[in-house]
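Structure, as structure tokens:
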Amino acid sequence: MTTAKEDKGEEETLELVAHCLCKAHRFTAQVPRSSLPLKAAYCHCTSCRRVTGALHSTYVPWPGDAAAILASSSLRRYAYAPHLTLFSCRVCSSNMFVEKTDVNNPPGYGVQTGVLANIDIPGLINITNHVFLGDTLDGGASPWLCDANKDGSRPRLWRGARGQSQELSSTHHHWPAGLSSPSEDTDIPVRCHCGGVDLVLRQPMADFAARERSELPWFVDPVSNKSRANFDACDSCRLSSGSDVYYWTFVLLRHLAFPSPRSDGQQPHFLTHAKFPESSLALKAAVSSTADKRDPRWGTLTFYESSPDVQRYFCSRCAACVFYASDDRPEMVDLAIGLLDSGDGARAESLLAWDYGDKVGWRQDVVGGWREGFVESIEAAAERWRIERNYPKSWRRRQMEEQKVSPVPSNNASIEQSAN
């Protein structure tokens, strides 16, 4: 951030910076301090979840020069809706801007808050509205996003579009209580917005239930056999997705698959029985194959290597984040929760054991900037949500609390967290 005190009598301004993960794109805007906080709208609709991989999209009006955005030929444009165009980095997939057109007004531009620099301006963002919450079925991430405003104001909640649908009380939760019962015989679709990435997650809970506790992967709750779902504030994840806090779950590659062959038999015969890769190295090789050797079922899936041993998979058309993979964990990937179509809600609680109230992962990346207070509010609100719903503490937290009482090690594998 840079601040500039103008000549006496003129208002102080600050510089906003928006950049992508690979830093191929950097945009700046000077804004007067009196215009702060920036007004943010959170959209929880199914389309926004599918186009980001997060549980929502979050835009504020961009006060900078729109011409600079339009002049960048290396920004990918995606026609998201009849009057909405998204702009993302072709290299690293960072979701950056949205253009809204209206025949009666000049185009307007918004920036995803996750690509804004973490400047030291507490309360830089003020959440004014949460929209299309009805699409989530379970409220999605809204229960922990209603207390984030520094001035104590609460956003307005809408079942659909703002001002055109039922308004919900922000002090009362409108979603079914209790954990959903898992359906162990149902594959869960994993799809991006444009449909270019179309995979399935084969229910892993029955597989985990058949194992001894000591044989479970570190991310599996040994009581429920559900996979961990966590909150992640790392800089790389927010920049690649455009979401200030991202939500991942963890899956073994052998639990992922292509959808069943189409009934019209259009798949080439030699591909219909090809196995899904069971290691991150094999996945990388398959997706990066030359066009004549690449299985067409990979669709638009591609990746960006954010580190020499890290691959961030995304859709090359709509830019949705899909996987995080690391060479030192070859058997598994992090899976973007926003792409799951579980049928029981955006949080997929029939399958996932959430870290409600635990410390947000990689919170050290937000220290010293406006996101620090934002993340602290999320941690506190998620803990209140857990207590209100009578959800148990995460098994990771229970394990750590038990270890403070007794030094006897757990039989579980380490509760390590993925590097980002």
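If you take the residues of the range 389-410 that are more than 18 Å from residue 218 (Cα to Cα) and not in a loop (DSSP other than H, G, I, E, B), which of them is modelled with the lowest pLDDT? Here the answer is 405. Taking the range 105-170 and the strands (runs of 3 or more DSSP E) fully enclosed by it, the elements with 1 or more residues that are among the β-branched types (Val, Ile, Thr) are at 105-112, 125-131. If I ask for residues that are touching a Ser or Thr at 6+ places or on another chain (Cβ under 7 Å) and of a type outside the set (S, T, N, Q), which ones from the range 15-32 would you list? Scanning the range 15-32 gives 15, 16, 17, 20, 21, 24, 25, 31, 32. Given the criterion buried (at least 18 other Cβ atoms within 10 Å of the Cβ) and either more than 18 Å from residue 197 (Cα to Cα) or modelled with pLDDT under 95 (or both), identify the matching residue among 265, 242, 299. It is 242.
Summed over the range 114-140, the residues that are within 22 Å of residue 165 (Cβ to Cβ) and in contact with a helix residue (DSSP H, G or I) (Cβ under 9 Å, 6 or more places away or on another chain) give a count of 7.
Just one of the listed residues (324, 356) is part of a strand (DSSP E or B), crowded, with 21+ Cβ neighbours inside 10 Å and over 11 Å from the mean Cα position of the chain (by Cα), and it is 324.
Taking the criterion of being among the charged types (D, E, K, R) and farther than 11 Å from residue 362 by Cα, the residues of the range 223-237 that qualify are 226, 228. Restricting 148, 233, 161, 177 to residues that are at pLDDT below 95 and under 30 Å from residue 96 (Cβ atoms) narrows the list to 148.
Answer with yes or no whether residue 310 is at pLDDT 95 or above, closer than 25 Å to residue 220 by Cβ and within 23 Å of the chain's Cα centre (by Cα).
Considered against the rule, which asks whether it is at pLDDT 95 or above, closer than 25 Å to residue 220 by Cβ and within 23 Å of the chain's Cα centre (by Cα), residue 310 comes out as yes.
The values are calculated or read from the model by the stated rules, or taken from the named source; none is laboratory data. These figures come from a predicted structure and were not determined experimentally. Virtual Cβ from ideal backbone geometry, glycine too; neighbours counted across all protein chains shown.
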